[in-house]
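Chemist: Can you read through this structure? Questions will come right after.
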Amino acid sequence: MKTLMTGNEAMARGAWEAGVRFASAYPGTPSTEIVESVARYREIRSQWAVNEKTALEAALGACIAGVRSMCAMKHVGLNVAADPLFSSAHVGVNAGFVIVTADDPGCHSSQNEQDNRHYAKFAKLPIVEPSDSQEALNYMKAAFDISEAFDTPVLFRSTTNLSHGKTPVIVGERVEAPPRAYERTQSKYVLMPAAARARHAVLEERLLKLATYAEISPLNRIEWGSRSIGIITSGVAYQFALESLGQKASYLKLGMSFPFPKNLVRRFSTEVERLVVIEELDPFIEEAVRALGISVEGKSLIPLTGELDTGIVARAFGLSLASLGAGVGAKAQAETAQAEAQAQAEAQAETQAQAEAQAETQAETQAQAQGGTRDKADAAEAPLPAPPEQVPGRPPMFCAGCPHRGVFYELAKLPVAVSGDIGCYTLGSLQPFGAMDTCICMGAGISTGMGFQAALEMLRVEKPKRTVGVIGDSTFFHSGMTGLLDAAYNGSGLITFILDNRITAMTGHQENPGSGFNLSGDAANEVSIEGIVKAFGIKNVATVDPFNLEKVREALVAALADPGPSVIVGRAPCALLKRSAVRKPAYYVDQETCRKCKLCLRVACPALYVENDMVQIDADACVGCGVCSQACRWGTIKILSKAGDK
C-alpha cells in the first residue's frame, strides 16, 4: 500500500514492521511524533519517559532482556542521554536497539544547533541517515538488522525537514522478531572496570567490522550522472542536491555515514572531475574526505549554519531557481540503478581482494609465530632469569561490616534479575554473590531495570520473572530519582532496593542530600528518601535494617507479591563512617560444633578465613555485624564477649 507519511510516522512504521516491542521517548521537536505514532501500534509497549536518559536506559534494558527496542529524542536530548549512550556502545545489545536523534538545523525550536553525527564517531556507533520517508521506514528496519548482526546500538539521525516533511511511502507488514533468549552475562553487561576494559577492545574490533560493512552496505550507493561534478552527501541534503543538480552531477549517497566508507569514497573521487560535499551543519563528511588526502569542496560553498534547502544548494553552484527541477527521469533512474549495481559489484570484488590479502597476512603472521616458537625453543636452553617477585592477588570485596553484604546474600537466592548501579554495591556482581545482571552508568540501575521488567512482562518467562533495581543513596539523588519517577509514572513492576549507607562511600565519604551534612561538615537539610518515593506515588515502601537478613527477606517477599512498583530502603551506615561507628563485640566460630560446611563463607566477609580446613574469624577485623552468624545454619558462630568464649 502506498500512502503519504512524515518522516517521523515512517520511522514509527518501520519500527513496527521490524518487530519492535518496546519504545520510550522524551518529547522534543522535531522528534516528538515518532513515539506518538508508535503508540498507535498495540504490539509495541510505548511510553513517555521522564527525560532522555531514562528513555535510553529503559530501552537498553528491554533490548538486553531480549526484545527489539528503540528510543527517540531531539538532538539536545542526546546530551542528556550521553552517559548511557557511551556505555551502551560498550555492552552492545541482545535484541536490536535503535536510538533516534532528531537534529534541528536552523533552531526552529531549539536552544542551539548541533550536529549529532559527531556522537556516532565519539561513542563509536554506526549512524544511519535516511533522506525521505520511504528511506526512514526502510532504513529503520535495516538499522535493527545491523544492530543484531554487529551486536551494537545504532544511531538513527533525522533532521527537521525529514521528520516533518511528507513523501510517498510503500508500507509493508509487521514481521515478528523472535525474542532473544537472555542469559546472565556479567562480563558483557556489568561494566565494572575490568569488564569495561575488555569491552572497549570488543568495541574497537566491532568498529573495524562495521567499517568493512560500510564499504558494501546497500545504504551507501553511487548514482551516476554527469561525472563533471561528484557530490558526496547524506540525509535530506541528498534531496536538495538532487533537485538542484539532477543529472548534472553524480552522487555518492551515504545512508550510513559512520563508520566512513573510505574505499568507496576513494573510488568515487577518482571517477569525477570535481568533488563536492553537500551536508547540513558541520563538515562531518568533508573532514573525513580530507583526512584521506582527497581534494574536496564543501563548506566553502555550503553554509555551516542553518537549514539547507534547494535554493541554497543551487545558488552554491551558480544556478538560478528557474533552472531547478531537472530531477531524475526514468532513463536516468535506470542508468543510476545500473551504475549502482556495477558499483556494488566492484565493492564486493574489492572486499574479496581485501579478504585474500588479510588471509595472506595471517599466513605470514602464523609463519612468523612458528619461527618465533623455534626461537623460543632455542632460547629455552639458556638459563632463565629469576621471575620477579609476585604480589598475591586479592579480589575486590565488601568491607567487613558493610551493610550491602546481607542484601546481595539474599538477592542471590531469588530467581530475579538484578539491575545494578555505580557504587560499592557493584561488588554484589562478584562471587560468591554473583547477584547482578547489568550495570550501565550512574542512575541506570532503576531505569534499565524498568525496561528489563517491561520485557519480562511481555515475554512472560518464569525465570527471571521480576527485576530488582539496586542503587545507593548518593546515586539515587544523582540521577536515580528520575528513573524511579519514570517507573512510578509508567506503572512498572520494578522492585527498587535503595542501599542507604548515609554517605557517598566509594569516592571517599562525601556528604549528600540524605546525610544531613554539607561539604563543610555543618548540619544541612536531611532529605527523606522515603518522602521522595511516596511523593512519586509509590505505595509499597518499606525500610529495613540490612544487617537483619530475615527482615530483608520478608521485605523482598512482600515486594515480589505486589505486581506494582515497590521500594525497599536498606538503611545502615557505611562500616567506615566514623561519626556512626559503634564497634560491636566480635564473633567467633565454635569449632566444637562447627560442621565445616563453610556456608558462612558465602557472605564473603574479609574477617573470615580458613586455617587447617577450619573457618576462623579475625576478631580485629570483625565489627560484629552478625551477618555470618545468620548465614550459619547450625548456630556455631557466636558473640565473642560471652563468658567462656575464646
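Chemist: Out of the range 49-73, which residues are touching a residue at least 40 places away in the same chain (Cβ under 8 Å) and of a type outside the set (A, V, I, L, M)?
Modeler: Listed by number, the residues that qualify are Asn51, Lys53, Thr54, Glu57, Gly61, Cys63, Gly66, Arg68, Ser69, Cys71.
Chemist: Follow-up. Looking only at the range 611-646, count how many residues are at pLDDT below 95, within 44 Å of the chain's Cα centre (by Cα) and open to solvent by 70 Å² or more (accessible area, probe 1.4 Å).
Modeler: Residues in the range 611-646 being at pLDDT below 95, within 44 Å of the chain's Cα centre (by Cα) and open to solvent by 70 Å² or more (accessible area, probe 1.4 Å): 2 in total.
Chemist: I've got another one for you. Scan the strands (runs of 3 or more DSSP E) fully inside the range 17-91 and keep the ones with 2 or more residues being open to solvent by 10 Å² or more (accessible area, probe 1.4 Å).
Modeler: By residue number, 45-48.
Chemist: Condition test on Leu499, is it in a helix (DSSP H, G or I), touching a residue at least 12 places away in the same chain (Cβ under 8 Å) and crowded, with 18+ Cβ neighbours inside 10 Å?
Modeler: In short, no.
Chemist: Tell me, please, whether a residue that is more than 29 Å from Ile446 (Cα to Cα) and either open to solvent by 20 Å² or more (accessible area, probe 1.4 Å) or among the β-branched types (Val, Ile, Thr) (or both) can be found in the range 569-579. Spell out the reasoning first.
Modeler: The initial filter retains those residues of the range 569-579 that are more than 29 Å from Ile446 (Cα to Cα), namely 578-579.
Filter once more, keeping what is either open to solvent by 20 Å² or more (accessible area, probe 1.4 Å) or among the β-branched types (Val, Ile, Thr) (or both): 578-579.
Yes, that holds for at least one residue.
Chemist: Let me ask something else. Go through Glu113, Glu135 for me and flag whichever is open to solvent by 10 Å² or more (accessible area, probe 1.4 Å), within 20 Å of Pro30 (Cα to Cα), at pLDDT 95 or above and in a helix (DSSP H, G or I).
Modeler: Details: Glu113 fails: in a helix (DSSP H, G or I).
The unique qualifying residue is Glu135.
Chemist: Assigned to a helix (DSSP H, G or I), under 21 Å from Ser24 (Cβ atoms) and modelled with pLDDT of 95 or more: which single residue out of Leu484, Leu556 fits that description?
Modeler: Leu484
Chemist: Can you tell me which residue within the range 281-301, out of those that are closer than 23 Å to Asp104 by Cβ and touching a residue at least 60 places away in the same chain (Cβ under 8 Å), is surrounded by the most Cβ atoms within 10 Å (Cβ to Cβ)?
Modeler: Among those residues, the one meeting the criterion is Leu281.
Chemist: Since Lys188 meets every condition but one in (1) open to solvent by 50 Å² or more (accessible area, probe 1.4 Å); (2) in a helix (DSSP H, G or I), which condition does it not meet?
Modeler: Among (1) open to solvent by 50 Å² or more (accessible area, probe 1.4 Å); (2) in a helix (DSSP H, G or I), Lys188 violates only (1).
Chemist: Could I ask something else about it? Quickly run through the range 149-177 and pick out the residues that are in a strand (DSSP E or B) and either among the hydroxyl-bearing types (Ser, Thr, Tyr) or open to solvent by less than 40 Å² (accessible area, probe 1.4 Å) (or both).
Modeler: Answer for the range 149-177, where residues must be in a strand (DSSP E or B) and either among the hydroxyl-bearing types (Ser, Thr, Tyr) or open to solvent by less than 40 Å² (accessible area, probe 1.4 Å) (or both): Val154, Leu155, Phe156, Arg157, Ser158, Thr159, Thr167, Val169.
Chemist: Let me ask something else about it. Tell me, which strands (runs of 3 or more DSSP E) wholly within the range 196-296 include 2 or more residues that are out of contact with any His (no Cβ under 9 Å at 6 or more places or on another chain), over 30 Å from Val91 (Cα atoms) and of a type in the set (A, V, I, L, M)?
Modeler: Counting at least 2 such residues, we get 230-234, 275-278.
Chemist: Could you identify the single residue in Phe122, Phe144 that is closer than 22 Å to Leu281 by Cα and at pLDDT 95 or above?
Modeler: Answer to the check: Phe122.
The values are calculated or read from the model by the stated rules, or taken from the named source; none is laboratory data. Please read all numbers here as calculations on a predicted model, not as lab measurements. All Cβ positions, even for glycine, are placed from backbone atoms using ideal geometry, and neighbour counts span all protein chains on display. Remember, those area values only see protein heavy atoms, side chains included, never the ligands or the DNA or RNA. Shrake-Rupley method; radii C 1.70, N 1.55, O 1.52, S 1.80 Å.
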